[in-house]
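Step one of this worksheet: look at the structure below.
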């Protein structure tokens with residue numbers, strides 16, 4: 001097996017230069033109310049999300065003391081996360097994409113049962129404190145997205161897509 005090394009020069013344009021009809025068709029089967037153009041948009045935004053994960057790993061590989069948290073999937077991003085899940089189903093395609101674009105595999109690490117239980121306990125003990133921590137974490141993530149992907153992507157992910165795809169987000173949250 002090849003010894004992979006993080007690429008130094010994957011631009012956002014490089015990461016976006018990829019199509020996979022199998023992934024988008026599979027996603028459309030799960031969300032038939034979406035048009036092919038909407039599904040393509042969500043896949044495009046998912047590739048941006050993956051590139052952001054790569055970018056953070058790249059920065060940390062150059063500066064081990066860089067205090068940059070891994071991006072978290074908040075409620076507004078669940079449709080991007082769901083597309084990521086669909087992409088992961090095509091394991092070989094996903095691995096090839098990651099290694100060819102980034103030189104590394106971008107892992108999907110869901111919130112563990114233990115983490116969920118801990119958050120629930122913290123919320124019961126001091127809801128205001130936990131809410132303040134989540135707000136602070138979200139602000140930090142907003143800055144990260146703004147700095148690397150721009151205002152347009154930030155607004156798309158946290159305002160426009162949640163509003164436009166409210167029905168589909170509800171479908172994910174109640175599944």
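Roughly how many whole Å is it from the C-alpha centroid of segment 61-112 to that of segment 116-175?
Using only Cα atoms, the two centres lie 17 Å from each other.
Taking 0.36 nm per intervening residue step and subtracting the Cα-Cα distance, what contour gain separates residue 7 from residue 68 on full extension?
Details: separation 61, 0.36 × 61 = 21.96 nm, distance 1.87 nm.
Taking residue 7 through residue 68 to full extension adds about 20.1 nm, to one decimal.
Highest mean first, what order results for 13-22, 40-49, 92-101 on Cβ atoms within 10 Å? Present the calculation step by step, with values, prior to reporting the outcome.
On the way: 13-22: 13.1, 40-49: 19.9, 92-101: 15.6.
Ranked from most to least packed, the peptides come out as 40-49, 92-101, 13-22.
PRE reach from residue 131 (point 7 Å along Cα→Cβ): which of segment 153-175 fall under 13 Å by backbone N?
It comes to no residues whatsoever.
Tell me, what is the percent relative contact order of segment 27-145, built from C-alpha pairs under 8 Å that lie six or more residues apart? All intermediate terms of the calculation are to be shown ahead of the outcome.
Details: 49 pairs, mean separation 26.7, N = 119.
Contact order relative to length: 22 percent.
In whole Å and largest first, what semi-axes does the C-alpha gyration tensor of the chain yield when each eigenvalue is scaled by 5 and square-rooted?
Details: eigenvalues 130, 104, 51 Å².
Largest first, the chain gives 26, 23, 16 Å.
Each value in this text was obtained by applying a stated rule to the coordinates, not by laboratory testing. The structure displayed is predicted, hence computed values, not measured ones. We place every Cβ from the backbone using ideal geometry, glycine too, and count neighbours over all the protein chains shown.
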